[in-house]
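Below is one structure, written out as structure tokens; the observations come after it.
The values are calculated or read from the model by the stated rules, or taken from the named source; none is laboratory data. None of these values were measured; they are calculated from a predicted model. Here the Cβ is made from the backbone with ideal geometry for all residues, glycine too, and neighbour counts use every protein chain on show. When the accessible area is computed, the model is the full protein with side chains, heavy atoms only, and any ligands, DNA or RNA have been set aside. Shrake-Rupley method; radii C 1.70, N 1.55, O 1.52, S 1.80 Å.
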Amino acid sequence: MTTTLTGVDVVTAASPKRRRRAPGWLAVVPLLAFTAIAFGIPALAMLDGAFTVKDPATGATSYTAENLTTSLQGAYLTALLGSVKLSAVSAVIAAALGLPLAQAVVTSRSRALREAVLTASGVLANFGGVPLAFAFVATLGNAGVLTRHLGLTDKGWDLYSFWGLVLVYLYFLIPLMVLTITPALEGLRSQWREAAQNNGATAVQYWRHIALPVLLPSLLGGLVLLFGSAFAAYATAAAMVGSSVPLVTLQIADAISGNVLVGQENVALALSLDMVLVAGLVMAVYLPLQRRSARWLA
């Protein structure tokens, strides 16, 4: 393209067309496909089995809510409520103990101590299953080292009980709480504390009227996360207490393996669906709390 300006020919190139960029969502297509295969297919199979009943005489199958009804009765309901109780108690205690520990880490002047505690929390939060059960049995079991040394059996201590299982769950729930609440504690601005002190507020008043209200969504979110982690735990309880403490995860394993009744596999799928519904309710509470805390601490 040529234009004339005061007798001088000036050549101006036409602006090239902008390159079209691929939509951003194309980058997540592999992840979505993997999620659909790894989670979607098992979820559909679970739904199908939970609502399917097989006639033992003819072998014919039909869709009904009988399995779900059975999963909410008798021993199955007791196990579901037992899991909810164990998870709630463990989560509350872990949150109450993890918060001051995380605060001590955040306010510590030692960077090495801070990194050591956070690294250890990351390891311990994922330490569970049979190794954890064995460690506690060897230490606090009926013939454990501390049990015999301190005479805990004579004092009524029993590791293979509800409160013994709570103690074991705290081993990985407290570190998980430290990891969860530490970013929120770091988001508390020093200006807020200074402003409170300048206005004559004590440390208790600062935490009561400023810090805790700001941290409340994160605290509740962490509590929900701890509940979900304890609710889904299986291997530790299976290795420690067996069927002495009724838990829904243990009932699912018994129903699948036929340890109690034969042909209860679909009831196990119905119990799994009950757990998914409880987990869905937990996430429905957790996500809004996380968004609210993010607005305050941004």
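Taking into account only those residues within region 112-128 that are open to solvent by less than 40 Å² (accessible area, probe 1.4 Å) and closer than 20 Å to residue 240 by Cβ, which is nearest to the chain's Cα centre (by Cα)? Selected residue: 125. Residues in region 90-110 that are open to solvent by less than 60 Å² (accessible area, probe 1.4 Å) and modelled with pLDDT of 85 or more: 12 in all.
Within the set 203, 196, the sole residue that is free of Cβ contacts under 8 Å to residues at least 24 places away in the same chain and either over 19 Å from residue 106 (Cβ atoms) or buried (at least 18 other Cβ atoms within 10 Å of the Cβ) (or both) turns out to be 196.
Taking the criterion of being in a helix (DSSP H, G or I) and in contact (Cβ under 8 Å) with a residue 24 or more places away in the chain, the residues of region 60-78 that qualify are 67, 68, 70, 71, 75, 76, 78.
Filtering region 129-148 to residues that are open to solvent by 70 Å² or more (accessible area, probe 1.4 Å) and of a type outside the set (S, T, N, Q) leaves 130, 131, 134, 143, 145, 146, 148.
Yes/no per residue for (1) among the aliphatic types (A, V, I, L, M); (2) at positive phi:
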residue	(1), (2)
208	no, no
225	yes, no
242	no, yes
251	no, no
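Results for (1) of a type in the set (A, V, I, L, M); (2) within 12 Å of residue 273 (Cα to Cα); (3) open to solvent by 50 Å² or more (accessible area, probe 1.4 Å); (4) outside any helix (DSSP H, G or I), shown as yes or no for each residue.
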{"position": "49", "(1), (2), (3), (4)": "no, yes, no, no"}
{"position": "58", "(1), (2), (3), (4)": "no, no, yes, yes"}
{"position": "80", "(1), (2), (3), (4)": "yes, yes, no, no"}
{"position": "88", "(1), (2), (3), (4)": "yes, no, no, no"}
